[in-house]
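The values are calculated or read from the model by the stated rules, or taken from the named source; none is laboratory data. Just so we're clear, the structure is a prediction, and the values are computed from it rather than from any experiment. Note: ideal-geometry Cβ built from the backbone for every residue, glycine included; neighbour counts use all protein chains shown. Each accessible area value is taken on the protein alone, full model and side chains, heavy atoms only, with ligands, DNA and RNA left out. Shrake-Rupley method; radii C 1.70, N 1.55, O 1.52, S 1.80 Å.
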Amino acid sequence: MNISAFKQFLIFLGLLVFEIFIVSRIQISYLISPSVYLFFILQLRVRTSGYWVLLFGFLSGLLFDLIFHTGGVHAASTTLAAFLRVLILPVFLSTEDYDNNIHPGIYTMGPGRFLLFSFILLYAHHLSWFMLEIFKFDRIWITLLKAVISSMLSLALIYIIGLLFYKKKRI
Amino acid sequence: MQKLTKLLKKFGLVGFFLILEIIAFLLVYRRNVYHQAVFNSATAEFTGRIFEFYAQTANYLMLRKENELLAEENARLRAEVSSSKYRFYDNNSTSKIPKQAYEFMPCRVVNNSTRESKNYFTIDAGSQQGISPDMGIISPNGIAGVVVDVSPHFSLCLSVLHIGFPVSVQLRKSKDFGSLEWDAISPFYSNLMYIPTHVEVNKGDTVETSSHSTVFPEGVPVGIVESYTINPDDGYYIIRIKLFTRFTALRQVYAVDYLFREEQKLLENSKP
């Protein structure tokens with residue numbers, strides 16, 4: 001196992017602990033239900049094969065399904081977000097980014113690009129998660145609002161993670 | 001494995017995505033069945049341990065809050081027992097619900113002394129919380145003191161460990177009453193005085209508050225008889241009592257309010 005893979009494993013473990021013990025306990029209101037483990041999918045190197053991204057998404061979602069006893073809800077929503085990443089990532093990247101094979105992050109992509117990219121994925125993740133969880137369409141507006149608020153908070157948490165654990169890149 | 005890779009290549013990324021989503025949706029659809037069948041026993045143990053650890057940590061951090069809730073509940077339950085009720089019904093009242101005679105309020109001891117001969121302690125409730133002088137203070141184990149002075153947020157209480165602590169106590173078995181007098185020696189022991197020698201006293205008998213007090217309800221435990229001697233000067237027993245309340249570790253206490261105190265005192269003060 002090389003150092004990069006080990007580092008990825010540590011990131012995933014850290015997110016797992018953070019998600020289970022802190023983020024999933026944030027119960028301020030029905031409308032606020034953040035989740036940050038998608039950050040693992042967000043920060044995979046840009047030249048990672050789409051198959052791997054999908055597989056990682058599916059497996060990480062499945063793991064949280066097993067922990068929270070939610071069937072396949074997380075697996076479905078995380079796979080969707082991973083697929084969306086494969087689709088939209090090229091829009092946000094330059095050839096140089098591909099040459100350097102960067103990890104998408106605040107410092108590597110710049111805050112603006114990274115936050116927009118993250119928000120799209122987080123929103124897709126939260127929305128599909130909440131819709132599958134409720135499985136009714138009669139409260140769609142509430143669900144949309146809940147997804148907006150929750151993904152905003154998740155984005156803020158991911159931004160803080162980025163600020164805390166990633167070093168500024170030398171130019 | 002090579003076949004699988006070939007298959008994936010053939011289907012493409014979209015196909016792989018759809019396959020994974022179908023699996024996920026099947027899991028959603030079969031949520032209950034699959035939990036009972038395959039993964040439940042394997043994952044329940046692991047996740048159970050994780051959540052148990054979390055709950056234990058959280059419980060530890062919540063202990064203070066939990067204590068307060070339990071103290072409030074205890075105060076309510078103490079007020080419910082029959083010794084806290086007035087024994088008769090009003091003549092004109094149609095309901096047969098006994099009148100409340102004693103009320104309890106949970107408080108915490110914020111300052112305490114056991115080294116002096118006249119010991120006092122301070123509790124964290126005062127006149128704003130409804131504490132007034134002459135209210136009794138009991139610990140979870142037994143009597144603790146009586147309120148002598150109040151400020152808006154604190155109350156000064158005379159401890160049982162005070163040589164002038166005025167309380168009438170009785171032996172639980174025979175109901176013979178005497179008075180509790182501390183000898184300023186040990187914070188774990190006190191003395192029961194003025195029990196006549198014809199009364200049968202045994203080591204291990206329980207001593208409790210008597211019904212003559214306007215401070216405590218009858219039957220609040222005080223201590224157990226440790227030893228007894230006869231005072232040669234006046235012919236009464238001197239009974240050494242091991243106190244139930246641990247005054248060196250006094251934390252949670254309850255203030256007891258006797259709701260008929262004013263009425264009883266007014267009547268008693270008017271005697272010729």
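Taking the criterion of being assigned to a helix (DSSP H, G or I), small (Gly, Ala, Ser) and within 26 Å of A:Leu87 (Cα to Cα), the only residue of region A:7-51 that qualifies is A:Gly50.
Condition check: in contact with a strand residue (DSSP E or B) (Cβ under 8 Å, 6 or more places away or on another chain) and part of a loop (DSSP other than H, G, I, E, B). Does B:Val201 satisfy that? Yes; evaluated as a whole, the condition is true for this residue.
Do we find that B:Glu103 is open to solvent by 70 Å² or more (accessible area, probe 1.4 Å), touching a Leu at 6+ places or on another chain (Cβ under 9 Å) and either in a strand (DSSP E or B) or acidic (Asp, Glu) (or both) in this structure? Yes; evaluated as a whole, the condition is true for this residue.
If I filter region A:20-38 for residues that are open to solvent by less than 40 Å² (accessible area, probe 1.4 Å), away from chain B (no Cβ under 12 Å) and either out of contact with any Ser or Thr (no Cβ under 7 Å at 6 or more places or on another chain) or within 21 Å of B:Gly48 (Cβ to Cβ) (or both), do I get at least one hit? Checked region A:20-38: at least one residue is open to solvent by less than 40 Å² (accessible area, probe 1.4 Å), away from chain B (no Cβ under 12 Å) and either out of contact with any Ser or Thr (no Cβ under 7 Å at 6 or more places or on another chain) or within 21 Å of B:Gly48 (Cβ to Cβ) (or both). Selection of region B:250-264 for residues being without any contact (Cβ under 8 Å) to a residue 60 or more places away in the chain and either within 18 Å of B:Trp182 (Cα to Cα) or open to solvent by 70 Å² or more (accessible area, probe 1.4 Å) (or both) yields B:Glu262, B:Glu263. Quick check: anything in region A:34-51 among the aromatic types (Phe, Trp, Tyr) and farther than 17 Å from A:Ile161 by Cβ? Yes, region A:34-51 has at least one match. At pLDDT 85 or above, among the β-branched types (Val, Ile, Thr) and open to solvent by less than 70 Å² (accessible area, probe 1.4 Å), is that true of B:Val28? Criteria not met by B:Val28.
In this structure, does A:Thr95 turn out to be more than 22 Å from A:Gly57 (Cα to Cα), surrounded by 16 or more Cβ atoms within 10 Å (Cβ to Cβ) and free of Cβ contacts under 8 Å to residues at least 40 places away in the same chain? No. Exactly one residue out of A:Ser150, A:Ser94, A:Ser60 is among the small types (Gly, Ala, Ser), closer than 17 Å to A:Leu38 by Cα and either more than 14 Å from chain B (Cβ to nearest Cβ) or more than 13 Å from the chain's Cα centre (by Cα) (or both), and it is A:Ser150. The condition of being in a helix (DSSP H, G or I), hydrophobic (A, V, I, L, M, F, W, C), within 17 Å of A:Leu132 (Cα to Cα) and in contact with a helix residue (DSSP H, G or I) (Cβ under 9 Å, 6 or more places away or on another chain) holds for only one of A:Leu54, A:Leu80, that being A:Leu80. Remark: B:Tyr89 matches the filter, which requires a residue to be open to solvent by 80 Å² or more (accessible area, probe 1.4 Å) and either at pLDDT below 80 or assigned to a loop (DSSP other than H, G, I, E, B) (or both). Scoring A:Arg45 on the criteria (1) in contact (Cβ under 8 Å) with a residue 60 or more places away in the chain; (2) open to solvent by 20 Å² or more (accessible area, probe 1.4 Å) leaves a single failure, condition (1). Can you tell me which residue is modelled with the lowest pLDDT among those in region A:34-80 that are aromatic (Phe, Trp, Tyr) and over 27 Å from A:Asn101 (Cβ atoms)? Among them, the one singled out is A:Phe68.
Each residue in region A:98-119 was checked for being crowded, with 16+ Cβ neighbours inside 10 Å and small (Gly, Ala, Ser), and 2 pass.
The single condition among (1) within 20 Å of A:Thr143 (Cβ to Cβ); (2) more than 14 Å from chain B (Cβ to nearest Cβ) that A:Val73 does not meet is (2).
Among the residues of region B:239-249, those identified as open to solvent by 40 Å² or more (accessible area, probe 1.4 Å), at pLDDT 90 or above and over 26 Å from B:Arg76 (Cβ atoms) are B:Arg240, B:Lys242.
Screening B:Ala125 with (1) closer than 25 Å to B:Leu69 by Cα; (2) in contact with a Gly (Cβ under 9 Å, 6 or more places away or on another chain) gives one miss only, at (2).
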